[in-house]
Every structure is written in C-alpha cells, then in structure tokens.
C-alpha cells in the first residue's frame, strides 16, 4: 500500500501506550507498510495529542494519523476534561483536513481495563484494530 501514516503516542501511561504502539506497528508491517512509511511522534499526554495530530495532518505527505494513549480515571474531574477535549480535538483535525484521524486513546475506569485492551492481560491488543481502522479509512478514501 502506498500510504504515509503518522502515529501520535502519549508518553503518559506509556506502559500501556508502548504496548498499543508495538501492536499497531506490527499490524501496519503485516499489511505491507515499510518503516519509512510510518512516523511516530511522542507527546507528553493525551491532551497534547490533537496538536501533534494537527501538525501531522497539515503535512501533504501524511495520509492518516493514528492517535494512541491511555487516560485512566482518577479521583478528580481531570479525567472527563482530558477525555472530552482529546476526542473533540482529534475529530476536529480529521474534519478540517479530510484525513483519517484514528482515535486510539483508551479511556478506562481502571488500570486493569487499560492493560486488558493493550494486550497486557492476555487479551486482544487494540493497537491492531487502530492500525486496521486507518487502513480501512484510507481504502474508503480511494473509493470516494
């Protein structure tokens, strides 16, 4: 496949994000993309993901952006604010630039839930699904 993909990954909760990233990269490779076709950008946290996604989507040579992170509920309202603004920001980037921006930010109640979705508890790693979603959206764009 001739496509260039940017992956924006949050370093906050990187014990989750690194697992998602590894699965995502492996799936892109399995689907025929080379390392040269994928760029990974690390940001401090989920709140910063939309900015890096915006900068990536602005580049003409980037066809899709996959956003990876993990926001785990704590004891304050911070969880809701970060989750809402992160999701809203990714959607705005996608609509503004007409490029797929994949929402691969886990938003869970517990660490165990995040670990399960990142394949750390013997379950399926959602990073695979995020890579597949990007490729499916790129295929859809070619049809329209």
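The values are calculated or read from the model by the stated rules, or taken from the named source; none is laboratory data. Please read all numbers here as calculations on a predicted model, not as lab measurements. Note that each Cβ is placed from the backbone with ideal geometry, even for glycine, and that neighbours are counted across all protein chains shown.
Could you tell me how many of the residues in the range 101-123 are outside any helix (DSSP H, G or I) and under 16 Å from the mean Cα position of the chain (by Cα)?
Let us first name the residues in the range 101-123 that are outside any helix (DSSP H, G or I), namely 101-110, 118-123.
Keeping just the survivors that are under 16 Å from the mean Cα position of the chain (by Cα) gives 101-108, 118-119.
Summing the residues that are outside any helix (DSSP H, G or I) and under 16 Å from the mean Cα position of the chain (by Cα) in the range 101-123 gives 10.
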Residue 127 being surrounded by 12 or more Cβ atoms within 10 Å (Cβ to Cβ) and either within 22 Å of residue 65 (Cβ to Cβ) or without any contact (Cβ under 8 Å) to a residue 60 or more places away in the chain (or both): yes
Filtered residues of the range 29-53 (kept if within 21 Å of residue 138 (Cα to Cα) and under 13 Å from the mean Cα position of the chain (by Cα)): 38, 39, 40, 41, 49, 50, 52, 53
So residue 49, is it buried (at least 18 other Cβ atoms within 10 Å of the Cβ), modelled with pLDDT of 95 or more and part of a helix (DSSP H, G or I): yes
Filtered residue count, the range 46-64, keeping only those that are under 15 Å from residue 17 (Cβ atoms) and in contact with a helix residue (DSSP H, G or I) (Cβ under 8 Å, 6 or more places away or on another chain): 4
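Would you call residue 104 in contact with a strand residue (DSSP E or B) (Cβ under 6 Å, 6 or more places away or on another chain), within 14 Å of residue 16 (Cα to Cα), buried (at least 17 other Cβ atoms within 10 Å of the Cβ) and touching a residue at least 24 places away in the same chain (Cβ under 8 Å)?
Working: in contact with a strand residue (DSSP E or B) (Cβ under 6 Å, 6 or more places away or on another chain): yes; within 14 Å of residue 16 (Cα to Cα): yes; buried (at least 17 other Cβ atoms within 10 Å of the Cβ): yes; touching a residue at least 24 places away in the same chain (Cβ under 8 Å): yes.
Against the criterion (in contact with a strand residue (DSSP E or B) (Cβ under 6 Å, 6 or more places away or on another chain), within 14 Å of residue 16 (Cα to Cα), buried (at least 17 other Cβ atoms within 10 Å of the Cβ) and touching a residue at least 24 places away in the same chain (Cβ under 8 Å)), residue 104 qualifies.
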Residue count for the range 67-91, restricted to those that are in contact (Cβ under 8 Å) with a residue 24 or more places away in the chain, under 20 Å from residue 135 (Cα atoms) and in a helix (DSSP H, G or I): 1
Tally of residues being free of Cβ contacts under 8 Å to residues at least 60 places away in the same chain and over 16 Å from the mean Cα position of the chain (by Cα) across the range 1-28: 1
Any hit, the range 132-143, residues being touching a helix residue (DSSP H, G or I) at 6+ places or on another chain (Cβ under 6 Å) and either under 22 Å from residue 50 (Cα atoms) or surrounded by fewer than 20 Cβ atoms within 10 Å (Cβ to Cβ) (or both): no
Residue 62 crowded, with 16+ Cβ neighbours inside 10 Å, in a loop (DSSP other than H, G, I, E, B), at pLDDT 95 or above and in contact with a strand residue (DSSP E or B) (Cβ under 6 Å, 6 or more places away or on another chain): yes
Enumeration of residues in the range 27-46 that are surrounded by fewer than 18 Cβ atoms within 10 Å (Cβ to Cβ), outside any loop (DSSP other than H, G, I, E, B) and touching a strand residue (DSSP E or B) at 6+ places or on another chain (Cβ under 9 Å): 29, 37, 39, 40, 41, 42
